[in-house]
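Here the structure comes first, spelled out in structure tokens, and everything after it is commentary.
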Amino acid sequence: MKLTIPQFHKIYTDGKKIVAITAYDTLMGRIADNAGIDLILVGDSMGMTILGYKTTIPVTLDQSIHHTQAVVRGVERGLVIGDMPFLTFQISAEEALRNAGRFMQEAGADGVKLEGGSAMAPTVSRLVNCGIPVLGHIGLLPQKVLTAGGYRVHGRTSTEADALIDDALALQNAGAFGIVVEGVTEELGGMITEKLDIPTIGIGAGPHCDGQIQVAHDILGLFDEFVPKHTKRYAELGKEIHDVFRQYADDVTNQKFPG
Ligand code: KIV
């Protein structure tokens, strides 16, 4: 049975850790769902992991909706969250609403995620007031990597830390049902978590967050071009797939397959 936002929130109020991961297609969505993952993000990380771009910036709304539709077809229980790509929510709250509406109506998503703190709070509020569940995202924002000076840890200075706490509170007040906290110090991850009544889902934000999210291709060992320091490679599937393809190629060449 599909998780509702209140049931998702209950995982948090019951004191259990929330488990989230990315998926971009039906197969991976189904496997994640069968493994009991609570939230499946159709992240714009797809730009780098499966579409061959150098950053997430070139990902379009149509691409994201196409992949969200695929994940939705594979998931029965977990929340499927569409990730709003670069410039699909920053221009105006009205444009954000129309674009978020496409994730809900055309893709069947359970909500959307968008990057940004206090500046995005009015937009989050507009979406939530129209009935769209919104997951916030603060800290390291991949869509701002060019202006932020690369993939660096945020919140090391007290000014930056205070601003991030304000961002988190603004998103909570705007009605976000949770917040992804990416690339901040362990201490700040804990402080933000402490101050909120909604769950924090950390990625490179230490163990004190209410849940964790990872890019599936990172923990599976499928994506080598950029390996974040915080990730744990549970497998080396890229190498295994390579070896299978190599054996298959040898068998065909040597006329061992078909037997
Ligand atoms: O796009 C993505 O995969 C994300 C996660 C890293 C949180 O935003």
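Structure values in brief
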{"read-out": "Degrees between helix 186-195 axis and first principal axis of the chain (Cα, 0 to 90, nearest 10)", "value": "50 degrees"}
{"read-out": "0 to 90° range, to nearest 10: angle between helix 93-105 axis and the chain longest Cα axis", "value": "40 degrees"}
{"read-out": "Fraction of beta bridges assigned by DSSP in the range 5-253 that are antiparallel (%, nearest 5)", "value": "5 percent"}
{"read-out": "Label-to-label distance, nm, for residues given as E194 and V244 (7 Å Cα→Cβ offset)", "value": "4.7 nm"}
{"read-out": "Per residue convex hull volume, Cα atoms of the range 5-253, in Å³", "value": "127 Å³"}
{"read-out": "Separation between Cα centres of the range 164-215 and the range 67-105, rounded to whole Å", "value": "21 Å"}
{"read-out": "Relative contact order %, the chain, counting alpha carbon pairs below 8 Å whose residues are six or more apart", "value": "15 percent"}
{"read-out": "For the range 103-156, size of Cβ-based charge dipole, Lys and Arg +1, Asp and Glu -1, in debye", "value": "320 debye"}
{"read-out": "Cα shape, the range 39-104, gyration tensor, a/c 1.5 rule", "value": "oblate"}
{"read-out": "Highest-first arrangement of 156-167, 33-44, where packing means the average Cβ count within 10 Å", "value": "33-44, 156-167"}
{"read-out": "Under 5 Å, built H, 5+ apart or other chain: amide partners of H154", "value": "L140, V184, T185"}
{"read-out": "Relative contact order (percent, whole number), the range 201-251, Cα cutoff 8 Å, 6+ residue spacing", "value": "27 percent"}
{"read-out": "Most mobile listed residue (I201, I57, I31) in the chain, GNM with C-alpha springs under 10 Å", "value": "I31"}
{"read-out": "Prolate/oblate/rounded call for the range 104-160, Cα gyration tensor, a/c under 1.5 rounded", "value": "prolate"}
{"read-out": "Prolate/oblate/rounded label for the range 98-240 (Cα gyration tensor, a/c 1.5)", "value": "oblate"}
{"read-out": "Computed helical MRE - 222 nm, the chain, DSSP H runs ≥ 4 contributing -39500 (n - 2.57), nearest 500", "value": "-12500 deg cm²/dmol"}
{"read-out": "Distance violations [Cα-Cα > 22 Å] among K10/K195; K54/K229; K17/K232; K17/K195; K144/K239", "value": "K144/K239"}
{"read-out": "List K229, K113, K195, ordered by accessible area with a 1.4 Å probe, largest first", "value": "K229, K195, K113"}
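The values are calculated or read from the model by the stated rules, or taken from the named source; none is laboratory data. If you're wondering where the values come from, they're calculated on a predicted model, not measured in any experiment. Methodologically, a virtual Cβ is constructed for each residue, glycine included, from the backbone with ideal geometry; neighbour enumeration extends over all protein chains shown. Each accessible area value is taken on the protein alone, full model and side chains, heavy atoms only, with ligands, DNA and RNA left out. Shrake-Rupley method; radii C 1.70, N 1.55, O 1.52, S 1.80 Å.
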